[in-house]
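Here the structure is laid out as structure tokens; the discussion comes afterwards.
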Amino acid sequence: MYHSYHYHSPRYDARTTGIALVVFGVSLILDGLRRLRVARRVEDTPRSRAVSAPQGLAELQGYGWAARADGCVACLDGRPAIYRHFEIQRRVSSGRSRYWQTVYEERHNPPFLLVDATAAVIVNAPEAQWEMRQQTIAWEQAGTEVRSRYAAQAPSGVFSTLRLVERRVLQGSPVYARGSFRTPQATLAVRPSPGVSEFWIHVKRLEDPAYRAAMLDQNRDGVVTDQEAESVMAAGSAVWARSAVQRAPEAQPLPMPPLSGVLASDQNHVLLVADCGEDQLVKRLGHGIWMIIGGALLAGLGSAILYQAKSLPFHY
């Protein structure tokens, strides 16, 4: 005969809670410290222009464009992205803990062009460490077209416990990159997606503060945010691509941005890429201080619970 035993021990419950709090708190502290170290490296690296980037460690800021004609993929909202990481996650319960488990994943991460007013650089995205925002949508709140698109990948019967997580860099949106820059000996052979010439003309015009404010400052508050720049530039990318396709064959071709080199990882420098400008990235990474404080509080609370658990009874 088999007997099933159930724990009803205050000490067992307290120790489980305390250990979980300590582990989670320590992980927050470590992640916060990592983010602050990255923020310091970003602040300490001088920013270069694409046309004059130094060999070795370089920091660049510009706008992303597909390095080849098939370099974009559609996001959940249908807009083209040069980078996309998509997951379907299911909420899982295990005892008293709950967590999100990835049940399906897509990743589009080819090399792309970082374009500024002077030139373009190939960013070797597959080697990159990405710092970016994520968008999370409950399965029930996703549109009918999105649910139909991923119905085959979603576990049946558990739609109420699913969510969609998407990280993306839209074509034409702001991009920051820091890594090892090199100029190859041979000429780089790249066939960017249509519209890069029209796009580059627009990027160069953004050097004029008046033009930049008129085009990107949507709420007219005198400050151009990365979100405003992403919205306008991503919307414009479709217009520039269409214009390139519709241009008459006999029309004089527009100049393309010159390619100055490749930004990648090496044994000394890890390629860091973000879906925003440097200022916004530093602010985002600076939130690590709150992660450290929160982690210390959780770890301290967990330690206190473990200490108190010693005096609690242990029985079945």
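The values are calculated or read from the model by the stated rules, or taken from the named source; none is laboratory data. Since the model is a prediction, treat every value here as computed from it, not as a measurement. Heads up, the Cβs are rebuilt from the backbone with ideal geometry, glycines too, and the neighbour counts pull from every protein chain shown. Quick note on the areas: whole protein, heavy atoms, side chains included, nothing else; ligands and nucleic acids left out. Shrake-Rupley method; radii C 1.70, N 1.55, O 1.52, S 1.80 Å.
Exposure check, 1.4 Å probe, all protein chains in place: Val23 carries approximately 90 Å² of accessible surface. Express the carbon and sulfur contribution to the solvent-accessible surface of the chain as a percent, rounded to the nearest whole number, probe 1.4 angstrom. Carbon-and-sulfur percentage of accessible area, whole number: 55.
Phi-derived couplings, Karplus 6.51 cos²θ - 1.76 cosθ + 1.60 at θ = phi - 60°, listed residue by residue for region 296-304: 5, 5, 5, 5, x, 5, x, 5, 5 Hz, with x used for Gly and Pro.
Between the Cα long axis of helix 10-44 and the first principal axis of the chain there is an angle of about 20°, rounded to the nearest 10. Annotation: amide H of Tyr104 within the under-5 Å range of Ile88, sequence separation 5 or more or interchain, hydrogens built in the peptide plane. When the alpha carbon coordinates of region 34-125 are projected onto the principal axes, the ranges are 57, 37, 20 Å, largest first. For the chain, the longest principal axis of the Cα atoms and the long axis of helix 226-246 meet at an angle of about 50 degrees. Under 5 Å between amide hydrogens, built in the peptide plane, is the criterion, and for Tyr83 it picks out Val169 among residues at least 5 positions away or on other chains.
With a cut-off of 8 Å between alpha carbons and a minimum separation of six or more residues, what is the relative contact order of region 65-141 in percent? Write down the numbers at each step before the final one.
Values: 102 pairs, mean separation 18.7, N = 77.
With pairs under 8 Å counted, the relative contact order is 24 percent.
Once all protein chains are placed together, Thr136 keeps about 70 Å² accessible to a 1.4 angstrom probe.
If you sort Met132, Met256, Met233 by accessible surface, 1.4 Å probe, largest first, the order is Met256, Met132, Met233.
In terms of Cα atoms, the Rg and Dmax of the chain work out to 24.5, 89 Å. Could you work out how far the C-alpha centroid of region 80-155 sits from that of region 58-72, in angstrom? If you average the Cα positions of each part, the centres end up 18 Å apart.
Over the chain, give the accessible area per residue in Å² for a 1.4 Å probe, as an integer. Don't skip to the end; give the middle numbers.
Values: 17430 Å² over 316 residues.
Per-residue accessible area for the chain comes out at 55 Å².
Rounded if a/c is under 1.5, else prolate if a/b beats b/c, else oblate: with a ≥ b ≥ c from the C-alpha gyration tensor eigenvalues square-rooted, which is region 121-239? It is oblate, given that a/c is not under 1.5 and a/b is not larger than b/c. A simple count of charges around Cys72, restricted to other residues whose Cβ falls under 12 Å of its Cβ and scoring Lys, Arg +1 and Asp, Glu -1, yields +3.
Computed on region 249-289, the Cα convex hull volume stands at 142 Å³ per residue. Coupling constants for region 161-176 follow from the phi torsions by the Karplus curve (6.51 cos²θ - 1.76 cosθ + 1.60, θ = phi - 60°), and in residue order they are 10, 9, 9, 10, 10, 10, 10, 8, 10, 6, 4, x, 8, x, 9, 10 Hz; glycine and proline get x. Placing a pseudo-label 7 Å from each Cα along the Cα-to-Cβ vector at Leu301 and Val190 gives an inter-label distance of 4.8 nm.
Which residue fluctuates most in the GNM of the chain (Cα springs below 10 Å): Gln61, Gln280, Gln134? In the Gaussian network model the winner is Gln134.
For Glu127, the accessible area of its heavy atoms, probed at 1.4 Å with every protein chain present, is near 80 square angstrom. Relative contact order for region 1-151: 16 percent, from Cα pairs under 8 Å spaced at least 6 residues apart, divided by residue count.
Efficiency by 1/(1 + (r/R0)^6): what FRET value for Ser93 and Arg34, r their Cβ-Cβ distance, R0 = 41 Å, to the nearest 0.05? Using R0 = 41 Å, I get an efficiency of 0.90.
I'd like the antiparallel share, as a percent to the nearest 5, of DSSP beta bridges with both residues in region 44-143. Please list the in-between numbers first.
Values: 21 of 22 bridges.
Restricted to region 44-143, the bridges split so that about 95 percent are antiparallel.
Ratio of alpha-carbon Rg to the 2.2 N^0.38 Å globular estimate for region 176-235, to two decimals, please.
Its radius of gyration relative to the 2.2 N^0.38 Å reference: 1.47.
With the simple spin-label model, which puts each label point 7 Å out from Cα in the Cβ direction, the Arg107 to Leu254 separation comes to 3.4 nm.
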